[in-house]
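Beneath this line is the structure, given in structure tokens, with notes to follow.
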Amino acid sequence: MTVLSVDLGTSNTVAVLSAHGRPPRVVEVDGAATMPSAAFAADGGNLVVGRDAERRARLDPARFEPNPKRRVDEGTLLLGDVVVPVTDALAAVLRRVAEETSRQLGGAQPDEVRLTHPAQWGPARRNVLLAAARLAGLGPSLVLVPEPVAAAAHFASFPGQHLRPGQALAVYDLGAGTFDVAVVGATQNGFTVLAEAGLPDLGGLDVDQALLEHVGREVSVRDPGRWQHMLRPESTADRRARRAMAEDVRSAKESLSRHPQTEVPLPEPFPDILVTRVELEALIRPSLLRSVELLAGTIRTTGLSPDRLAGIYLVGGSSRIPLIATLIAEQLRVVPTSLDQPETAVALGAHHMTQEGVSLRTRNLAGVPTPPPGVPPARPLGPPTGPPSGPQLQPGPPLPAAFPGRVAPPPGPPRNRSSRRTAWLGIAAVVVLAIAAVGAVFLLRPAGDLPTAEDCQQKGDTDNQGFSRCLRQLAGAVADSDECRPAEADSGADVSCALSDDYQVSYAHVASVRDAAKVADVQLGNMTEGSHVEADWRGNGLDGRFRAGVSGGTGMLVFTVADRPLVGWLTKTDLRASGDDFTPDTLADFFADNVQPGT
């Protein structure tokens, strides 16, 4: 069976295909894993989408709509002098995905198409999505999957991240257009949304706007009239300048998720301006605090507390903002999880769902518009044939009063005592695991709130092991070992910890992020043999990068933090006893399993 899953996002669209018995893979459109969900009205009214639309927008920005999904309630779009139904704009985006998928299938069509949507979308919005899919030629076998349900399926697909029946996961989804939060419960047949909420005025685009306004306050005094022309363009030249500036501001925002500062290039007569992560975080902290408060309130409505969840899962491209993980850890005392690429998590998750676990098939949705000639109609309304399609969206948590915090299993035949005893043993095991997980979370936290990037610019006091407060956050559970002690004065480290299997990890709190990079270079200076492994890491409210190499019988992995003057290095000596099997990948695996904070 060939299945195509499509996450039509506000800014970008992601498609995942499984065909010919192969594992699911992201469909690259125009050579990239994500395709802009943008539309441009060309001469004659033809719609151009994706990167082609963005290129044409430079010539005539008035004919361009970068985020048609955000205008799903408006009915029509005015692109230049052309009135375009929102359904047609969305259909054009989906049609481009369908064309590329068909090309890769040798002209064939997928047997089933799964479309994701926000959990808060009611029948009217879902019908717009269905109508667009039919216009794009994706029907008639269409399935709708709520985005948090797909995210939960993606979370559960990773080793060690299983969601057992009775467990629940909070999904924090910050996309370009909106913020959505949901608590998803696992049942015997799949997943069900226990509670959901959202903020329509918070998304990556709003972060862009906040940064643009900050830039304007800094530079507009040079020529207020010219600045207003760019903000409210009247001529084609002004529209081009406005669009170029918006792209540069968005790029700067994305760069600040990786670096402590960056420059925003501006058109004449305005000078380029340096912006810092601290400045951006000050601008968006109130809005992100609202999102975390909504997350906490949504969890409370299910009768759960954050520490009783299987996790808090970050999805959506804007969830890369480091402040989000920091605020969740500070306010909820739980370190959130981010796996793989947050932009592709929902589309991949829709694919990981079993046939029985998919909900909201294209039936029982009243008011579906009659498709135009040549477009396949929807499957007949009425009760489905065959087995049930899994749990449906429910207005509230279906939790029995006797077991708050557990999802009710589907009804079944009476169980005998043996099975009941087994069930109670299973519940006891889950409780023990939950308590252990909660303990682990708190072990990962230093006393008090997690320090911010600004707190860590100065080393401050150290404890009897040599840890500063920020180094203890970086060390995570390693810091609780009795084998950690102040390092030798000439080692360049503050703390050294002996680990199992003759590994040793050292930590240093230096004067600046640049000094941390220099320490990393010095430590890796002799690792010149063979290949190196380099990758990003994230945990305990931090994110950074590591690099590993093996040379002369010694293995070294150095890890730094994106916005803080912290550095650590993991070493293993006398590798001759390990033979040729010890590679940089071996170091990376040990780091991920034993050293990376949050493991």
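Every read-out reported here was derived from the displayed coordinates using simple, explicitly stated rules and does not represent laboratory data. Quick caveat: nothing in here was measured; it's all calculated off a predicted structure. A quick note on method: Cβ atoms are made from the backbone with ideal geometry, for glycine too, and the neighbour counts reach across all protein chains shown.
So, in Å, what gap is there between the alpha-carbon centers of segment 69-131 and segment 271-340?
30 Å
Could you work out how far apart the two model spin labels at Leu105 and Arg545 are, taking each label as a point 7 Å from the Cα in the direction of the beta carbon, and quote it in nm?
Once both label points are built, they end up 3.9 nm from each other.
Among Leu144, Asn127, Ser11, whose Cα sits farthest toward the positive end of the charge dipole of segment 5-164 (+1 at Cβ of Lys/Arg, -1 at Cβ of Asp/Glu, about the Cα centre)?
Leu144
So which aspartates and glutamates can Lys69 reach, going by Cα to Cα under 13 Å and dropping same-chain residues fewer than 8 places off?
Filter leaves Asp7, Asp88.
Would you calculate the separation in nanometres between label points at Gln504 and Asp482, each defined as 7 Å from the Cα along the Cα-to-beta-carbon direction?
It is 2.0 nm.
Calculate the translational D of segment 185-326 in whole µm² s⁻¹ from Stokes-Einstein, where the hydrodynamic radius comes from the Kirkwood formula applied to all Cα pairs, the temperature is 10 °C and the viscosity 1.306 mPa s.
Values: Rh = 17.5 Å.
The estimated diffusion coefficient comes to 91 µm²/s.
Let's test the formula: R0 of 35 Å, r as the Cβ-Cβ distance of Thr554 and Arg25. What FRET efficiency results, to the nearest 0.05?
Details: r = 38 Å, r/R0 = 1.08.
That pair, Thr554 with Arg25, gives E of 0.40.
On full extension of the chain, what length is gained from Arg258 through Glu534, given 0.36 nm per residue of separation minus the C-alpha to C-alpha distance?
Details: separation 276, 0.36 × 276 = 99.36 nm, distance 1.52 nm.
Length gained between Arg258 and Glu534: 97.8 nm.
Please order Lys572, Lys69, Lys459 by the number of other Cβ within 10 Å, starting at the fewest. All intermediate terms of the calculation are to be shown ahead of the outcome.
Working: Lys572 21, Lys69 26, Lys459 17.
Neighbour counts put them in this order, fewest first: Lys459, Lys572, Lys69.
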